[in-house]
Amino acid sequence: MKKNGEALSYEELLQKVAEQQLQITILEDEKNAITNFEYFVKESPDLVCIADTDSYYKVVNDGFVKVLGYSKEELLSRPFTDFIHPDDLEKTFAEVKLLTKNSPTIDFENRYVKKNGQLVFLQWRANLNTSNNLIYAIARDITEIRRTQEKLLSSEKSLNEAQKIAKIGSWDFNLMTQELNWSNELYEIFEIENKPNDPKLYAKYLSCFSPEDGEELNKKIANTIANKVPYEMEHRIFLTDNKIKWVFCTGVPILDKKNNVVALKGVVQNITQKKLIDDTIKAKEKAEAANKAKSDFLANMSHEIRTPLNGIVGFTDLLLKTTFDKDQLEYLNTVNESASTLMDIINNILDFSKIEAGKLELIYEEIDVVELTNQIINLFKYEANHKKIDLILHIEKNVPQYILGDSFRLKQILVNLLSNAMKFTFSGHIKLNVSQEEESELISKIKFSVIDTGIGIKVQNQNKIFQSFVQADNTTTRRYGGTGLGLAISSKLLALKKSELKLYSSYGVGSEFFFTISFEKISKKQNRKMDEKKIKIEKPAKTDNTLANYRIMIVEDNKINMLLVKTLVNKIISNCTIVEVSNGFDAVLLVQKEMPDLVLMDIQMPIQNGYDATLEIRKLEKFKDLPIIALTAGVLNGEKEKCMEHGMSDYITKPIVLSELEKVLFKWLKKNRKIFTL
Ligand code: ADP
């Protein structure tokens, strides 16, 4: 039918049907499309929603439920602000407010709180439909991305911190894009401002180089690119304010799959501190070497000086025992005293330099306190008698007689203190006092003090006299002589035993120098009874005529020493035969021919030294018990032990003193009398 009621023709009807058919198809397509779209929306992993401007969702897809864990009912029944992280609410409102007719689309990010309390990062695109004032929005869960980014940031932070600690900066350079990236630490090292994409960065970097280093670096980089090999370089960098740093840099080529260099990567380490330490170590080593050279020089020099001095002291000693007129005796005494003083000075300087170089080691051996202190006092008795000063040795009863320590060094300190006391005392007394301060089962803490009634020391000088080469005032040398080394050496020696030299002194009244040392006790023998006493002068040893007809071999390269030893031996044993040999090698040969009863053996000799010669001699069975006495310079540590290790029977230190040589000769010749007189 037509509109006006007329009937449609068949053709018209067919066309109408076709049109309706088409309409139906379109509608069906549309319906299918909507169904498909709904399907997409429903199945989308993203969160799709429609919300009103009163903060309520109108529609939410399954993505919401899946991501947030709330049911659709929960999501639709509560304002969407309930699900947003409180800290992000303000930001979200501000974003939503931006949605206007003119700007209907916004992109933003915020965090939602899932039903289980976990956080989810959402990236939104929202659109305002101005016709119905509804917001159509879609969000993507970017939690994983954000977490990864956070991790990246934190590892970058850690890397930066690690670089800071290690003082290592890193860089990479893309050859294609010419992009250069520096780590924070690298900017710190070069003290260049960190500006992103700074086109002048490489130029600024090179400006810190010296022209030669800059040229070398460019060459190295070119070589790395051309030959695909890493490079290394250590150089200085010159920064503002004349600051100089040392850096060590390395670079490696980065290759693509086709083996082309596409980038360079590298690190730069700030090694300024290390360089400084290296330089300090080098300077220290140099100073140590110089110090060693100085000590060696002093040791050699003192040996060279000591040898002729021994001659002077020895011969003047001998001469003094012969008859002279008064004047001659006085001159001779002066020569003898001067030589002895010179010897003391040399010994002091040598000791001082040895202590300074840390080369002086203490030896531990049994010390008989009574014997040692008596020996020391004996050294001063003559002068004390001469000056009419009372010389007193007092050892308190509780002091153990036998202790373990370095007797030579203990003697040296006490002799120093007593000779000072003697030097500066003109009336009254000098007293060596030994007492025990503390005692345990194994240790005895002993106090030694040297008290005098001498000139005393002014308060202002009491500290400085312990310094090396310092005397109480500059008139001291003129009036009393000395080098100002004695107290310094004594203090240094005591420091090796963790002890200290102390002083009480009253100017014009007298002084007391004292120290305490902890010694290991030796419970071998019972304590003796020791009372305060004035020392009597010992009688000289008598000549023993029973030692006649012996053969004594003297092995000594120095002619003066040889003459001295020979003279001394002849003085002790008037009719013995002396065989003179000038080196160790000849001694080994001649000993078999000469068959001596005793050998006096110098240590330092050309061709073969005394140690080696003794070893050789001892290899021969018949000389197993032959007394071989070392004549040592007595300056080196462990010399005595070394003598014994090399098979020597005994030793005497130079300068050789008649009484000591006498004792040793008597001891060994008498001991072997039976064997040698057979
Ligand atoms: P020196 O070789 O000059 O004696 P020391 O180091 O042994 O060197 O002594 C340093 C200075 O201390 C002496 O020069 C002297 O002025 C002062 N002195 C040391 N002992 C005494 C003492 N018993 N009485 C007075 N002065 C002393």
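The values are calculated or read from the model by the stated rules, or taken from the named source; none is laboratory data. Since this is a predicted model, take the numbers as computed values, not measurements. For neighbour counting, all protein chains shown are included, and Cβ atoms are generated from backbone atoms with ideal geometry for every residue, glycine included. Keep in mind that these areas ignore ligands, DNA and RNA; they rest on the heavy atoms of the full protein, side chains included. Shrake-Rupley method; radii C 1.70, N 1.55, O 1.52, S 1.80 Å.
As an exercise, take the mean of 1/r over every pair of distinct alpha carbons in the range 351-469, invert it, and state the Kirkwood radius in angstroms.
15.9 Å
Please compute the per residue accessible area over the chain with all protein chains in place, 1.4 Å probe, rounded to a whole number of Å².
Numbers: 39570 Å² over 678 residues.
Dividing the accessible area of the chain by its residue count gives 58 Å².
Report residue 105's accessible area, 1.4 Å probe, all protein chains in place, as a number in Å² to the nearest 10.
60 Å²
Which order, highest average first, do 142-153, 489-500 follow once you tally other Cβ atoms within 10 Å for each residue and take the mean per peptide? Intermediate results must be reported in sequence, preceding the final value.
Details: 142-153: 12.2, 489-500: 17.2.
Those peptides, ordered most packed to least, come out 489-500, 142-153.
What FRET efficiency, computed as 1/(1 + (r/R0)^6) with R0 = 51 Å and r the Cβ-Cβ distance, is obtained for residue 259 and residue 165, rounded to the nearest 0.05? Walk me through the numbers on the way to the answer.
Numbers: r = 36 Å, r/R0 = 0.71.
Computed FRET efficiency for residue 259 and residue 165: 0.90.
If you bin the C-alpha pair distances of the range 140-184 every 5 Å from 0, what whole percents do you get?
6, 18, 17, 15, 17, 16, 8, 2, 0
Set the Förster distance to 60 Å, then compute FRET efficiency between residue 439 and residue 154 from the Cβ-Cβ distance, nearest 0.05.
0.35
For residue 608, list long-range residues whose amide hydrogen, built 1.01 Å from N in the peptide plane, is under 5 Å from its own amide hydrogen.
Hits under the 5 Å cutoff: 584, 585.
At a threshold of 8 angstrom on Cα-Cα distance, excluding pairs fewer than six apart, so keeping six or more, what relative contact order does the chain reach in percent?
RCO, the chain: 7 percent.
Just subtract the alpha-carbon distance of residue 379 and residue 93 from 0.36 nm times their residue separation and send over the number in nm, one decimal.
92.4 nm
Can you give the FRET efficiency for residue 335 and residue 362, using 1/(1 + (r/R0)^6), R0 = 25 Å, r = Cβ-Cβ distance, to the nearest 0.05?
Values: r = 35 Å, r/R0 = 1.40.
Efficiency computed from Cβ-Cβ geometry: 0.10.
Helix-only mean residue ellipticity at 222 nm, the chain, DSSP H runs n ≥ 4 weighted -39,500 (n - 2.57), per residue, nearest 500. What is it? Before the final figure, lay out the partial values.
Numbers: 20 runs with 307 residues, N = 678.
When only DSSP H runs of four or more count, the value is -15000 deg cm²/dmol.
What Kirkwood hydrodynamic radius, in Å, does the range 614-669 give when the mean of 1/r is taken over all pairs of distinct Cα atoms and then inverted?
11.9 Å
With Kirkwood's inverse mean 1/r over C-alpha pairs for Rh, give me the Rg to Rh ratio of the range 41-141, two decimals please.
My calculation puts Rg/Rh at 0.93.
Figure the gain on full extension for residue 345 and residue 216 (residue separation times 0.36 nm, minus the Cα-Cα span) and round it to one decimal in nm. Provide the component values of the computation, followed by the final result.
Values: separation 129, 0.36 × 129 = 46.44 nm, distance 5.89 nm.
So the chain would gain 40.5 nm between residue 345 and residue 216.
So if each residue of separation counts as 0.36 nm, and I subtract the Cα-Cα distance between residue 294 and residue 176, what length gain in nm does that give?
Numbers: separation 118, 0.36 × 118 = 42.48 nm, distance 6.30 nm.
Taking 0.36 nm per residue and subtracting the Cα distance, the gain is 36.2 nm.
The range 21-78: Rg/Rh from Cα coordinates, Kirkwood Rh?
Numbers: Rg = 14.8 Å, Rh = 12.8 Å.
The Rg/Rh ratio comes out at 1.16.
Packing-wise, with mean Cβ within 10 Å as the measure, how do 315-324, 36-45, 423-432 rank, highest first? The partial results should precede the final answer.
Working: 315-324: 13.7, 36-45: 11.5, 423-432: 18.4.
So the peptides 315-324, 36-45, 423-432, ranked by packing, come out 423-432, 315-324, 36-45.
What percentages, rounded to whole numbers, describe P(r) for the chain computed over all alpha carbon pairs with 20 Å bin width beginning at zero?
Reading the bins upward from 0: 12, 24, 17, 15, 13, 10, 5, 2, 1, 0.
With label points built 7 Å along Cα→Cβ from the Cα atoms of residue 132 and residue 570, find their separation and express it in nm.
Distance between label points: 14.1 nm.
What part of the accessible area of the chain, given as a whole %, is carbon or sulfur when the probe is 1.4 angstrom?
Answer for the chain is 54 percent, counting heavy atoms of protein chains only.
Just for the Cα atoms in the range 156-270, what are the lengths along the principal axes, largest first, rounded to whole Å?
In descending order, the Cα extents are 46, 35, 26 Å.
To check you understand DSSP bridge types, tell me what percent of the beta bridges within the chain (both residues inside) are antiparallel, rounded to 5.
Given both bridge residues lie in the chain, the antiparallel proportion sits at roughly 80 percent.
When the convex hull of the C-alpha atoms of the range 268-410 is computed, what volume per residue in Å³ does it have?
It is 196 Å³ per residue.
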